[in-house]
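The values are calculated or read from the model by the stated rules, or taken from the named source; none is laboratory data. None of these values were measured; they are calculated from a predicted model. Because the Cβ atoms are built from the backbone with ideal geometry, glycine has one as well, and the counts that use them run over all protein chains shown. In case anyone asks, the SASA skips ligands and DNA or RNA and just uses the protein heavy atoms, side chains included. Shrake-Rupley method; radii C 1.70, N 1.55, O 1.52, S 1.80 Å.
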Amino acid sequence: MRHFSYLISFLSHPIWFPIYGAMLVLFNIPFFLPIEEVRWAWLMLLIFTVALPTLIYLTLFVLNWIKDPFVVPIEKQKWLLYGYIAILLGVAFKITPMENFPILYFYLLNLIISCFLLLFLQFLGWSTNWYTMGMGALTVFAILLSISFEKDMTCLLAFFIFLSGASFTAQTYLTQQELWLLLLSWGIGALPQLSLLVLFKNLLFGLQ
């Protein structure tokens, strides 16, 4: 069970959610940008949302600041959330600005809102979970893309729903958190993404 939990936690680790969202958008939504600009954005996304966080995370693990890469104590998790928010802000404003990548831009901003809500609840003493938060954001984002742009993502949505359920199981096993807190964290990730309905409506209206 521990190996299964580690595998699911790896797939649903927060460092992946910016690049997951970028893959959903760039592979399913048409762009009218030069291919060089799209390639540059991809490269920067891989560096600043995957390579850099992974290097920092491994450094903290080697220095023994984190005992377990997938189980971070709540008092230390807030510092990781601060760094995560800083990375998301940098990516949103410098790599995927609203003028070029409006969908990605607002997806990342909604992720930032979810992170601030997690921090607020942690200051109130609630043990929230940023793994299930990210799964909530990604799942709802994929559903909205599929419906708004009439894209068939049945298999992908089924996988995200499965991964959400598996993440609940893995986090319950690893962190001993109560299910209602994991569901609350999932909802915190999901609800801000619903604001994208307004953006999608405007984009689709502009394309008509």
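Using θ = phi - 60° in the Karplus curve 6.51 cos²θ - 1.76 cosθ + 1.60, the 3J(HN,Hα) couplings for the stretch 110-124 round to 5, 4, 4, 4, 4, 5, 5, 5, 4, 4, 4, 5, 5, 5, 7 Hz; x is entered for Gly and Pro. Across the stretch 104-187, C-alpha contacts under 8 Å between residues 6 or more apart give a mean separation that, scaled by the residue count, equals a relative contact order of 39 percent. Between Lys67 and Ile47, full extension at 0.36 nm per residue minus the direct alpha carbon distance yields a gain of 4.7 nm. Computed across the stretch 85-159, the Kirkwood radius stands at 13.7 Å (inverse of mean 1/r, all Cα pairs). Result for the chain in a Gaussian network model with C-alpha springs under 10 Å: among Phe168, Phe93, Phe106, the largest mean-square fluctuation is at Phe93. Amide hydrogen proximity for Gln177: with H placed 1.01 Å from N in the peptide plane, no residue at 5 or more positions away or on another chain lies under 5 Å.
Calculate how steeply helix 2-11 sits against the longest principal axis of the alpha-carbon atoms of the chain, using the helix alpha-carbon long axis, and give the answer as 0 to 90 degrees to the nearest 10. Helix 2-11 sits at roughly 30 degrees to that axis. Applying the Karplus relation 6.51 cos²θ - 1.76 cosθ + 1.60 with θ = phi - 60° to the stretch 18-25 yields 3J(HN,Hα) values of x, 6, 4, x, 5, 5, 4, 6 Hz, where x marks Gly and Pro. Put the Cα centre of the stretch 5-72 next to the Cα centre of the stretch 113-139 and the gap is 18 Å.
Be a star and scan the stretch 111-125 for residues whose amide nitrogen sits under 16 Å from the point 7 Å along the Cα-to-Cβ vector of Lys78. Counting only backbone N, you get 115-125. For the stretch 47-181, the pair-distance distribution built from all alpha carbon pairs, in bins 5 Å wide starting at 0, is 2, 9, 16, 19, 22, 18, 10, 4, 1, 0 percent. Summed over qualifying helices (DSSP H, 4 residues or more, each -39500 (n - 2.57)) and divided by its residue number, the chain shows a 222 nm mean residue ellipticity of -24000 deg cm²/dmol.
Solvent-accessible surface (1.4 Å probe) assigned to Met1 amounts to roughly 110 Å². Residues in the stretch 147-163 carry Karplus couplings, in order, of 6, 5, 9, 6, 9, 7, 10, 4, 5, 5, 5, 4, 5, 5, 5, 4, 5 Hz; the curve used is 6.51 cos²θ - 1.76 cosθ + 1.60 with θ = phi - 60°, and Gly or Pro positions show x.
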